[in-house]
Structures are given as C-alpha cells and as structure tokens.
Amino acid sequence: MEDQDALRARWRTEAAPATSPRSRRRRRGWILTTAVVAIAAVLLWLLLRPGPAPAVVAVRVQAPAGPLHCDQTADLIGVVTTDGHGGPVTYRWLRADGQDSGELVRTAHRGERRLRVHLRWTVRGSGRFRGTARLRISHQAAPMEARASFTYVCP
C-alpha cells in the first residue's frame, strides 16, 4: 500500500510535459484556420442555398407585328412577370406545327420582376403560313400559358 501511496504522490507532483511555444502556436493556428473555414462554409451555404421559386403573376407573348417575308425568322418574345423572388422559372414553347422546345429553365435574380424568353422560328419556302406559339409556365401548381401568332408570306 505504501508503494501505491508513494507512486500517487510522485504522479501528482510531477510536472506535466511542457509544450513548446512553437507547438502552441501551431495548435492555435490550426484552431483559427478551422474556425475561419467553418464560418466561410456557413456563409457560402447561406448565400447559395436555393430559395423558393418565384411566383409567376402573369405571362404574355409578343409576336412580330407585320408579316414575315421569304426565309425570315420570327422572334417571339415571352414576358414572364414574377413576384420578384429569385430562383428558377420552368417553361416550354409549344408550336402549332407540333414542335415542343422541351423543358427550359430561366433563373430570375432577386428583385427581377420581368423575365424575357425568346422563341426564334424560321420559316422557309413559298406560300402563306400562320404560325402560333404558346409559352407555358409549368413550375407552379396550375400552369400558366400565353400565345401569339405571326403571318409568313412568300410569293
């Protein structure tokens, strides 16, 4: 028992191994670096996290006013009005000739209330043609849609 008491007394009185100032600086540097990286990661996540998609308030499509002539391209412009929240707006163009653009996405910036999306439709050959295109916004509970038409005339 005395041996154990002597051992305990010596154990309590022996100094803990001294750490050098260099190793303390290294440890502080590691802790500081870890804290900075963690803070940067949290800030980046807060800035880049996806918010709710913007609500679409209105949709309209503008077509060329006058007739297009031989081998011209119609530029139909869709104007999507949002509530100003940033995020993705999912849409598609549906042409009367059966062509479907497939799902497209335009990202609205925070505060941007009007998005412009284009459909370029080239018509070739002679004859008369009436082209109609629909712009369908599909990311909402109830899809919204607008349409416009243009005339093509080539003798």
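The values are calculated or read from the model by the stated rules, or taken from the named source; none is laboratory data. This is a predicted model, so every value here is computed, not measured. As a convention, Cβ positions derive from the backbone with ideal geometry for all residues, glycine included, and neighbour counts pool all protein chains shown. Note: accessible area is taken over every heavy atom of the protein model, side chains too, but ligands, DNA and RNA are not part of it. Shrake-Rupley method; radii C 1.70, N 1.55, O 1.52, S 1.80 Å.
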Just to be sure, is H139 closer than 30 Å to L47 by Cα and in contact with a strand residue (DSSP E or B) (Cβ under 9 Å, 6 or more places away or on another chain)? yes
Quick one: which of T81, T90, T107 is open to solvent by 40 Å² or more (accessible area, probe 1.4 Å), part of a strand (DSSP E or B) and among the polar types (S, T, N, Q)? T107
Identify all residues within region 130-143 that are under 20 Å from P88 (Cα atoms), in a strand (DSSP E or B) and open to solvent by 50 Å² or more (accessible area, probe 1.4 Å); write none if there are none. R134, R136
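Would you confirm whether any residue within region 43-50 is out of contact with any Lys or Arg (no Cβ under 9 Å at 6 or more places or on another chain), surrounded by 10 or more Cβ atoms within 10 Å (Cβ to Cβ) and in a helix (DSSP H, G or I)? Before the answer, list the steps.
Within region 43-50, the subset out of contact with any Lys or Arg (no Cβ under 9 Å at 6 or more places or on another chain) is 43-50.
Still in the list and also surrounded by 10 or more Cβ atoms within 10 Å (Cβ to Cβ): 43-44.
Subsequent filtering for residues that are in a helix (DSSP H, G or I) retains 43-44.
Yes, that holds for at least one residue.
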Given the criterion touching a Pro at 6+ places or on another chain (Cβ under 8 Å) and of a type in the set (A, V, I, L, M, F, W, C), identify the matching residue among A96, A108, A58. A108
